[in-house]
Amino acid sequence: MMTSPKIIAGNWKMNGTAAFLKECLSYWQGLDLIHDLVICPPFTLLTEANKNIHLSKVSLGAQDCHQKPLGAFTGNISADQVKETGCSHVIIGHSERRQYHGENNDLVKVKAETAILSGLKPIICVGENLAEREQGSALEVLKNQIEECLPKSPEFLIAYEPVWAIGTGKAASLKDIEEVHSFLRRLIGPYIPLLYGGSVTLENYKEILLTNNVDGVLVGGASLKKEDFGRMLCDQ
Ligand code: PEP
């Protein structure tokens with residue numbers, strides 16, 4: 001069954017070269033895209049990516065931005081600088097940022113507010129870790145993240161990314177995705193797009209996109225496979 005148009009975001013993390021990006025964009029844009037692509041390469045490739053985006057169904061996202069609008073923060077990138085590269089989106093609060101850079105819910109909220117002020121749509125990541133899932137406290141953890149992370153303005157997306165499913169090859173079951181997404185939907189209301197992320201592949205993306213309250217997917221590893229990702233974008 002063909003799915004209705006959804007959002008497919010690709011998070012390249014710290015991978016990719018300018019040449020590979022150009023090759024992927026020209027390949028994907030030559031296809032008959034069904035879904036909307038948000039491609040999120042590393043900062044260094046954003047300007048080049050923007051020059052090579054020629055379709056309204058393809059947009060650009062960064063993987064993070066700083067919480068302050070500008071200043072003495074060596075090595076960081078501001079939301080305005082991200083916006084200036086041509087981005088429309090920015091991933092905020094990815095579990096790898098939370099794990100390796102000590103980002104917490106309070107910081108995620110400030111970053112999301114800053115991004116929105118700069119005209120970007122944050123894709124705010126939430127998700128329980130394995131211990132929380134095994135203890136049966138996943139929904140409680142998610143409720144807390146939603147209460148603490150969300151900005152006032154509704155100009156954002158949510159990505160539900162169970163930490164134990166990211167990069168492990170073990171996606172959440174459809175039952176768990178459906179349970180969490182309907183729970184999140186009740187918390188955030190009908191209009192905020194809700195993406196699922198965590199080991200989405202060519203093999204499982206269709207049934208995930210057909211799950212209730214799933215408006216799209218956030219894809220890590222598989223977004224670096226040009227042909228597989230292209231087939232996801234075309235719903236093949
Ligand atoms: C991610 O990085 O957000 C992600 C979901 O990665 P993967 O698809 O590789 O699990």
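The values are calculated or read from the model by the stated rules, or taken from the named source; none is laboratory data. All figures in this text were calculated on a predicted structure; none of them were measured in a lab. Cβ placement follows ideal geometry from the backbone for every residue including glycine, while neighbour counts extend to all protein chains displayed.
Here the condition is being more than 25 Å from I8 (Cα to Cα) and charged (D, E, K, R); of D106, D80, it holds for D106 alone.
The criterion of at least 1 residues that are closer than 30 Å to K22 by Cα, at pLDDT 95 or above and β-branched (V, I, T) is met, among strands (runs of 3 or more DSSP E) falling completely within segment 119-236, by 121-126, 157-160, 216-219. Condition test on A112, is it among the hydrophobic types (A, V, I, L, M, F, W, C) and within 23 Å of V141 (Cβ to Cβ)? Yes; evaluated as a whole, the condition is true for this residue.
Listed conditions (1) away from the ligand (no atom under 16 Å from the Cβ); (2) more than 16 Å from the chain's Cα centre (by Cα); (3) not aliphatic (A, V, I, L, M) are all met by R133, apart from (1). Looking only at segment 79-105, residues that are touching a Cys at 6+ places or on another chain (Cβ under 6 Å) and more than 17 Å from I146 (Cα to Cα) come to 3 in all. Screening the candidates E96, E23, E84 for the property of being crowded, with 16+ Cβ neighbours inside 10 Å, out of contact with any Phe, Trp or Tyr (no Cβ under 8 Å at 6 or more places or on another chain) and charged (D, E, K, R) yields one hit, E96.
Counting only helices (runs of 4 or more DSSP H) wholly contained in segment 20-107, the ones carrying 2 or more residues that are away from the ligand (no atom under 16 Å from the Cβ) occupy 46-51, 79-84. Of all residues in segment 52-71, those satisfying the criterion of being touching a residue at least 12 places away in the same chain (Cβ under 8 Å) and either of a type outside the set (A, V, I, L, M, F, W, C) or surrounded by fewer than 17 Cβ atoms within 10 Å (Cβ to Cβ) (or both) are N52, H54, L55, K57, S59, G61, Q63, D64, H66, Q67, K68, P69.
The residue list L202, L194, L224, L139 contains one member that is over 21 Å from L60 (Cα atoms), within 16 Å of the ligand (Cβ to nearest atom) and surrounded by fewer than 23 Cβ atoms within 10 Å (Cβ to Cβ), which is L202. Report yes if some residue within segment 2-15 is at pLDDT below 95, closer than 20 Å to K121 by Cα, of a type in the set (S, T, N, Q) and loosely packed, with under 15 Cβ neighbours inside 10 Å; otherwise report no. The answer is no; no qualifying residue exists. Beta carbons closer than 7 Å, at least 6 apart along the sequence or on distinct chains, pair a first residue in segment 198-223 that is of a type in the set (A, V, I, L, M) with a second that is part of a loop (DSSP other than H, G, I, E, B) and more than 11 Å from the ligand (Cβ to nearest atom) for I208/V214; L209/T3; L209/K6; L210/M1; L210/T3; A222/L202. Note on segment 159-180: residues that are closer than 13 Å to L218 by Cβ and either surrounded by fewer than 17 Cβ atoms within 10 Å (Cβ to Cβ) or more than 13 Å from the ligand (Cβ to nearest atom) (or both) amount to 1.
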